[in-house]
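Before any comments, here is the structure.
The values are calculated or read from the model by the stated rules, or taken from the named source; none is laboratory data. Values in this document were obtained by computation on a predicted structure and should not be read as measured data. In this analysis, Cβ positions are derived from the backbone assuming ideal geometry, glycine residues included, and neighbour counts consider all displayed protein chains. The protein model used for the area step is the full one, side chains on, heavy atoms only, and it has no ligands, DNA or RNA in it. Shrake-Rupley method; radii C 1.70, N 1.55, O 1.52, S 1.80 Å.
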Amino acid sequence: SMAGPAMQQPSFLLANLKIDSTTKPFLQCCQELVKIIDDYPAKELHLIFPWLVESVFGSLDGVIVGWNLRFLQACSNQYNIVMDFLNPSGPMMKLVYKLQAEDYKYEIPVSFLPGPVKVSIQEGVLPDCPLLNNKLHFPLSGLQTLSLALNPFEYYMFMFASSLITPKNYSLGQHVSSLDSAYFVLVDTYLKYFLPTEGSVPPSPFTNKRGSVSPPAPRAPSVPFAGYGTHSTSLLKRHISHQPSVTADPAAQEIWRSEALLQVFVEMWLHHYSLEMYQKLQSPQVKEPFTPTEEHVLVVRLLVKHLHAFSCSLKPEQVSSSAHSHTSPLEELKRVVVHRFVQQKLYVFLQHCFGHWPLDASFRVVLETWLSYIQPWRYTGEKTNPQTDQNKGVPEKWSLFVQENLLMYTKLFQGFLNRVVRTDLVNVKNALMVFRVAKVFAQPNLSEMIQKGEQLFLEPEHVLHHRQHRCFLSPGHGGSFLSARQPVVTDRVFRVKSHVYGLEGQDCQYKQMFGTELRGTVLKLIQIIDQARQTAKKISDQSAEVAANNSFMSWFGMGSPDLNYTFNGGEVDDTGACVKTHEFLERSLDYLCQIFRLNAGQLSQLMATLGSGQDDGNSKQLPDSVQGEKGLILTDLGRMQVINGLRRFEIEYQGDPELQPIRSYENAILVRLFFKISSLVNERFGGHMDALCSRSDFLGQLGRHYLASPEAAADGRSPETRVTAERNRRPRLSLRMLASYRTLLMLLLLYLFGALFSSGPMSSTLLILTGGFLYGLLSCPVWR
């Protein structure tokens, strides 16, 4: 139904496409789009490009859902059609390059940028974000309606990245995303294509009149390449009306697509929390509006893993500084990509997640993202074996990475400890997370590298005074890896201090991971883990015993049909073996002892102290609490003990015994009948009972034995209020015990026994009453 390019106006083209998208099958629409992209000139394709991108990825406000890439699975009929259309060499990217060659621009309102960037622009300050350089448009209506003018490639990647975090109104049944969704696979594909570990980025199939694809406006020498390193001070902030002028940088043109994709992904996925706010208020007390999802964090982990692989693919001869002048721009990008692009924003992102993520097993995605970042040696491309790697340890060449990312190891480890002590470690998924962290940090050489980094940071300031004439170039202070080589300080002390002060602020109080304060916290954690291990072992043994008994009874058809009675404490570890909770915790204890150099004697002494504390009477077994006006109130330590099943209150009924719920071993009809009878007797003869029990002679003792209800023991084993336990209960008759099936069975046996000796019902009843009276008489306190 499409007319030729010369016959149809662009407005008709867009209108027809909108109609076709709602009336024609998906495959036919895509086939016609491919033909249109091939046949129509860029001038007409320019008008349909924003609509087409929104139709695919959805709108920025979430009203248009798009193709649901996050929920499109490989089993879907549309999956292969979508992947062919959107792959880096497919029709959609062909359209992008066709428009790129003509220097078209597309606007994005500033209001859809991440929070810190948006706030900075609205306050009139140019953010430290290279993606924004020379792209801000100033409308007459003021700063609140600012927009970005992006080239086609940047606009396409911006919309693609935004679709991950934009809330959308999905229909029912579309809320399950996975690692094999079209979106996740496309992220992986784009990263491998535009940030290749081997070779270079394939050239564009279209060129402009000058013979090359038109790149974005080149950087100014005064503007850093990446701008993601040491945080710049407020004195360096520029007003947005003074955007820097630019001069061409020919070397940058080779990798502008790689640079643009990386900047968009980092800004849209990581830059949701401001470094200034983090330094001032130190989350988790701060409430920020953005909350990442598990899917979001999974994509961030994919980005981290690929950037490590990209960086590790740098040729060995080009790692040293002597070879920098001979390397290609892509190789230079590999050398600095992790430190300058990702480190700062990922650190603040992870700090927020550690402080705000729910205390449940879903934290695993955050944990694995963190562990992926701090283990770049896992992504060198070499074949690995978990068993041999654990014994081999971390190669010494990674010591500089550890030191330049010191806070990623030490501060986040402390944040993890704060979570662990508030988590139920009897839960196998939580125990697995503790095991994962302990195993990673127990790798040979790693703890020594971290400790060396802390020693470098704590080296006195006066040591650096004689070096202050040297210049340490950071991306926030004019450093660009494509600019002329400047003298760079190789002193590791200065590097570590710049890293810590840049992220935590100049007046930060650094807490050592291997200092005495944190060591005390680790010792407490070891105690908690051991207590949880004992609890999990006990539950596991009981579960195995119940399962064995049930298996035996099933031979007689008496097995329990309920399968929920068992405790499934197994989870697959990183070697593929199924491991139980207490085994994870045992291994975690071993690893923690390796990390913090605790020998067997110290551990035994710690456990002995713990064991002796458990035997000091029942009161020691209670959760830590304080006495309040209405009873016991749990402390923070007490809550942790209850959560982990380490201590508990004895739960017992403390109300009126006559009004407690009917038990499974009682007959409901008899309970209600005897309650009515005893209530009538107590109401009518209550005064006589009071008089009898108030006597101090033998009859008074006997009356109190039979009539007075035993008072609930006020031993503090329950947080229940003591009002009911301490009140005086009036003497009364209770017949509830006669409603027990056990009592009824005993009476039946006694009557049958009497029948054997030719005793009638009346005689048997008299004998039973006489026996009961004599038993009570002998049990009376007056005889003791």
Restricting the range 89-140 to residues that are modelled with pLDDT under 90, in a helix (DSSP H, G or I) and closer than 13 Å to Asn151 by Cα, the residue that is farthest from the chain's Cα centre (by Cα): Leu132
Among the residues of the range 737-752, is any at pLDDT 80 or above, of a type in the set (Lys, Arg) and under 59 Å from the mean Cα position of the chain (by Cα)? yes
Residue selected from the range 627-681 under the condition open to solvent by 90 Å² or more (accessible area, probe 1.4 Å), within 30 Å of Val420 (Cβ to Cβ) and assigned to a helix (DSSP H, G or I), by the criterion modelled with the lowest pLDDT: Asp636
Taking the range 179-202 and keeping only residues that are assigned to a helix (DSSP H, G or I) and open to solvent by less than 20 Å² (accessible area, probe 1.4 Å), one is left with Ala182, Tyr183, Leu186, Val187, Tyr190, Leu191, Phe194
When you check Leu777 against the structure, is it modelled with pLDDT of 55 or more, in a helix (DSSP H, G or I) and either in the same structural domain as Leu692 (by the TED database) or out of contact with any Pro (no Cβ under 8 Å at 6 or more places or on another chain) (or both), yes or no? yes
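Can you list the helices (runs of 4 or more DSSP H) lying wholly within the range 342-448 that have 1 or more residues being under 29 Å from Leu523 (Cβ atoms) and in contact with a strand residue (DSSP E or B) (Cβ under 7 Å, 6 or more places away or on another chain)?
Working: elements: 343-356, 364-373, 386-392, 399-404, 406-420, 428-441.
Because the criterion is at least 1 residues that are under 29 Å from Leu523 (Cβ atoms) and in contact with a strand residue (DSSP E or B) (Cβ under 7 Å, 6 or more places away or on another chain), the helices (runs of 4 or more DSSP H) in the range 342-448 that meet it are 428-441.
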